[in-house]
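What follows is one structure encoded as structure tokens, with my remarks underneath.
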Amino acid sequence: MSEVDFEPQHSRFFIPNFLSLDECRELEFIHKSSSTVGYRPNVFSSTLSHLIATNSSHLVIPFIPIRERLKDRLEEFFKCEYELVIEFTGLISWSKGASIGWHSDDNRPYLKQRHFSAVCYLNTYGKDFSGGIFHFQDGEPKSIMPKAGDVVMYTADHHNIHSVDEITEGERLTVALWFSRDGSHDEDKKLISLLSQHLLHKNVADSYLPLPASGNMYWFSHGQASDCQFGFNICWARLHVLGYDIYISQDSGGDSDVSDLLVKPVHLVRGSELLDQEFVNIMHALQVVHFYCWKGSALLDKVSNTDSKVVKVTNVQREKISDLNSVLSNNEDFASKVFCNMLSEENRSICFDWSGILAAVAAWEDYALNLSQKIHLQFPYWKIHESIYNVQLDEQCPCSTNKR
Ligand SMILES: O=C(O)CCC(=O)C(=O)O
Ligand SMILES: [Fe+2]
């Protein structure tokens, strides 16, 4: 589909290839290593406030140019006389069983401030998932088959009643934004206030190692009833579906409080091999593994010898690993069903090679440090302008007023 303004009353707009594939992959990396259980069954989300609260404020940086470009296009297309504010930005993924019936995005009293919606597709129907086709109830286009990089924008009111078919396989990923004409719903102001608390007293080097939130934010259970028998920790499950186990050397055995386990140092295990490289916690390991999935072959030139780093798992360790598995998941097949992916075996093995993982440890750190530096440099400007924007770093002084 080419770029089209479908409706005579200008209520919706479709732009193909709005995001580059690398932007899609970067947001996928952020989501798969940071998501929590979402607001509806079989839905997972990564909000900017959650990134900030888990010591990953630097991961807000990749969203900034995307938010700016979307807002500019939306204001231009809908000929907004006054600047809009972004009300919410979030990465949202839907796994098998998730769907949404006919609705408008402002259909609750507490959503009335939502005036416009933008949904950017980060992966592709038929390749990464099946089901999940988007439909408008009236008018054109009738349906949209998500394709990585495409975006649809529409008014959040009754002119755009829409639905999404149930996901039948894989995981469907989007970044969704809502915009408001009402300045009191500006997401930036809330985020800046959160950033003030979280970046305060921290230097660049202390502000990029992830700190998990409480265990129940990562606990997925069937139907998401908290008393449900079948459940698993989604950080563990996302490693597990890629073929990894984790080993916690400081686990005393009787320790079954999931929140406590999540903050302990871990090792990655694959089959009978353990990587003798300590990660500060499970989320650190998860970020590195997903960074490797994102960058893959681009890390090959940094690969080093792994001989001294890979050791055989002992029987005692094996027992601890399986005890931990049963705390973090009470049904392994269930986790594989929820995060079943449609990648071929060949593609999945691209996400594994110990030397690649070791290269990813260092490259991830460079990446995170670089973003951390950027957010520390830009934050003073954001505070002054009460707006999150891409600061031209040749601006000399934070008191300068020539924003954008
Ligand atoms: O992901 C989509 O295509 C639309 C999602 C949606 O309708 C919503 O979250 O309100
Ligand atoms: Fe919607």
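Tabulated results
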read-out: Boolean, residue 120 is touching a strand residue (DSSP E or B) at 6+ places or on another chain (Cβ under 6 Å), within 22 Å of residue 388 (Cα to Cα) and not aromatic (Phe, Trp, Tyr); value: yes
read-out: Residues located in the stretch 351-375, provided they are open to solvent by 50 Å² or more (accessible area, probe 1.4 Å) and either closer than 20 Å to residue 60 by Cα or within 22 Å of the chain's Cα centre (by Cα) (or both); value: 352, 362, 365, 366, 369, 370, 373, 374
read-out: Members of the stretch 154-180 that are of a type in the set (Asp, Glu) and more than 14 Å from ligand 2 (Cβ to nearest atom); value: 166, 169, 171
read-out: Residue in the stretch 191-198 that is more than 15 Å from ligand 2 (Cβ to nearest atom), closer than 20 Å to residue 71 by Cβ, more than 19 Å from the chain's Cα centre (by Cα) and not polar (S, T, N, Q) present; value: yes
read-out: Total residues in the stretch 125-153, condition within 20 Å of residue 97 (Cβ to Cβ), more than 14 Å from ligand 2 (Cβ to nearest atom) and not hydrophobic (A, V, I, L, M, F, W, C); value: 6
read-out: Qualifying residues in the stretch 282-301 (those that are over 14 Å from residue 238 (Cβ atoms) and surrounded by 16 or more Cβ atoms within 10 Å (Cβ to Cβ)) - the one farthest from the chain's Cα centre (by Cα); value: 299
read-out: Of all residues making up the stretch 172-195, the number that are over 13 Å from residue 86 (Cα atoms), open to solvent by 20 Å² or more (accessible area, probe 1.4 Å) and touching a residue at least 40 places away in the same chain (Cβ under 8 Å); value: 1
read-out: Residue within the stretch 309-322 that is under 18 Å from residue 368 (Cβ atoms) and in a helix (DSSP H, G or I) present; value: no
read-out: Residues located in the stretch 104-161, provided they are open to solvent by 20 Å² or more (accessible area, probe 1.4 Å), more than 30 Å from residue 184 (Cα to Cα), within 11 Å of ligand 1 (Cβ to nearest atom) and not hydroxyl-bearing (Ser, Thr, Tyr); value: 133, 135, 145
read-out: Near pairs, Cβ below 6 angstrom, 6+ apart or cross-chain, from the stretch 99-124 (closer than 28 Å to residue 32 by Cα) to any residue that is among the aromatic types (Phe, Trp, Tyr) and modelled with pLDDT of 95 or more; value: 114/178; 116/179; 117/154; 117/178
read-out: Of the criteria (1) in contact (Cβ under 8 Å) with a residue 12 or more places away in the chain; (2) under 24 Å from residue 17 (Cβ atoms); (3) over 24 Å from the mean Cα position of the chain (by Cα), which one residue 76 fails; value: (1)
read-out: Residue that is nearest to residue 14 (Cα to Cα), among those in the stretch 94-103 that are more than 15 Å from ligand 2 (Cβ to nearest atom) and open to solvent by less than 50 Å² (accessible area, probe 1.4 Å); value: 95
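The values are calculated or read from the model by the stated rules, or taken from the named source; none is laboratory data. A quick note: this is a predicted structure, and the numbers were derived from the prediction, not measured. Cβ sites come from the backbone with ideal geometry, for glycine too, and all protein chains shown count toward neighbours. The protein model used for the area step is the full one, side chains on, heavy atoms only, and it has no ligands, DNA or RNA in it. Shrake-Rupley method; radii C 1.70, N 1.55, O 1.52, S 1.80 Å.
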